[in-house]
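Taking it in order: structure first as structure tokens, then the write-up.
Derivation of every value follows stated rules applied to the coordinates shown; laboratory data play no part. Note that the structure is predicted; figures quoted are calculated from it, not measured. A quick note on method: Cβ atoms are made from the backbone with ideal geometry, for glycine too, and the neighbour counts reach across all protein chains shown.
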Amino acid sequence: MEITLEQIDLIRKRANVSYKEAKEALEKFNGNIVETLSFLEEQNKIKSEGGIKDSSFMKNIQDSASRLNKINFIIYKNEKTVLNISSLIALTIGVFTLPFSIAVILLLVLTHHKIRLEKDNGEECSINDKIDKISSDLTSATDKIVNEFK
């Protein structure tokens, strides 16, 4: 069977392949478009609806975002909740306002606020111990500096 340019164009529109690859795949399946597309799909050469091949990178981002959305970023002062938001939102804000966010976190620690990460079920995350240690060390260091100037 002779492979036509229209068949090759059709394959190229649906798959991420060159003219040569499209022609060879069509020849392998005697011009059968469905069989050719099935074969190319098995080779991970079919474009997704957005025009980009599905990747494990995007799946990892989606999985990470889903996990982060199930963890709350909470700020306490004297056992009273000052802020309680999704850690995904907190991370997004932190990334886009990095210098400001660092200054705010330092200010919170220096004013004896507590920062916690809790899962949706109320269970604390293991990183809270490290956050407490850093907060304690930073508070001790600033107290020493303040006492030096008194």
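Report Rg(Cα)/(2.2 N^0.38 Å) for the range 1-123, keeping two decimals.
That ratio works out to 1.88.
Computed from the Cβ-Cβ distance with R0 of 41 Å, the FRET efficiency linking ASN121 to ASN147 stands at 0.45. Taking amide H atoms as placed 1.01 Å from N in the peptide plane, the amide H of ILE71 lies under 5 Å from those of SER87, LEU88, each 5 or more residues away in sequence or on another chain. Pairs exceeding 19 Å between alpha-carbon atoms, taken from LYS80/LYS114; LYS130/LYS150; LYS114/LYS150; LYS80/LYS130: LYS130/LYS150; LYS114/LYS150; LYS80/LYS130. The mean sequence separation of alpha-carbon pairs under 8 Å and at least six residues apart, normalised by the residue count of the range 71-148, gives a relative contact order of 30 percent.
Less than 5 angstrom separates the built amide H of ILE46 from those of ASN16, all sequence-distant by 5 or more or on a different chain. Projecting the Cα atoms of SER86, PHE100, SER136 onto the charge dipole of the range 71-148 (Cβ charges, centred on the Cα centre) puts PHE100 farthest toward the positive pole. Computed extension length for GLU6-LYS59: 15.7 nm, one decimal, from 0.36 nm per residue of separation with the Cα-Cα distance subtracted. Extending 7 Å from Cα along the Cβ direction at ARG67 and again at ASN84 yields two label points whose distance is 2.4 nm. Placing +1 on the Cβ of every Lys and Arg and -1 on the Cβ of every Asp and Glu, with no other charges, gives the chain a dipole of roughly 520 debye about its Cα centre. In order along the range 128-140, the Karplus-derived 3J(HN,Hα) couplings, from 6.51 cos²θ - 1.76 cosθ + 1.60 at θ = phi - 60°, round to 4, 4, 5, 4, 4, 5, 4, 4, 5, 4, 5, 5, 4 Hz, and Gly and Pro are given as x. Straight-line cross-link partners of LYS28 among the lysines, defined as a Cα under 25 Å from its Cα and at least 8 positions apart when in the same chain: LYS13, LYS20, LYS45, LYS47, LYS53. Here the contact order of the chain, divided by its residue count and restricted to Cα pairs under 8 Å and six or more residues apart, works out to 14 percent. Can you give me the Cα centroid spacing of the range 5-33 and the range 82-150 in angstrom? About 57 Å separates the Cα centre of the range 5-33 from the one of the range 82-150. Shown in residue order for the range 99-114 are the 3J(HN,Hα) couplings computed by the Karplus curve 6.51 cos²θ - 1.76 cosθ + 1.60 at θ = phi - 60°: x, 5, 4, 4, 4, 5, 5, 4, 4, 4, 5, 5, 9, 6, 7, 10 Hz (x for Gly and Pro). Phi angles across the range 13-19 convert, under the Karplus curve 6.51 cos²θ - 1.76 cosθ + 1.60 with θ = phi - 60°, into 3J(HN,Hα) values of 5, 9, 10, 8, 9, 7, 4 Hz, Gly and Pro given as x. With unit charges on the beta carbon (Lys/Arg positive, Asp/Glu negative), name the residue among ILE145, SER126, LEU68 whose Cα is farthest towards the positive pole of the charge dipole of the range 18-150. After comparing all options, I get ILE145. Under 5 Å from the amide H of LEU83 lie the amide H atoms of ILE75, each residue being 5 or more positions distant or on a separate chain, with H modelled from the backbone and absent for Pro and chain starts.
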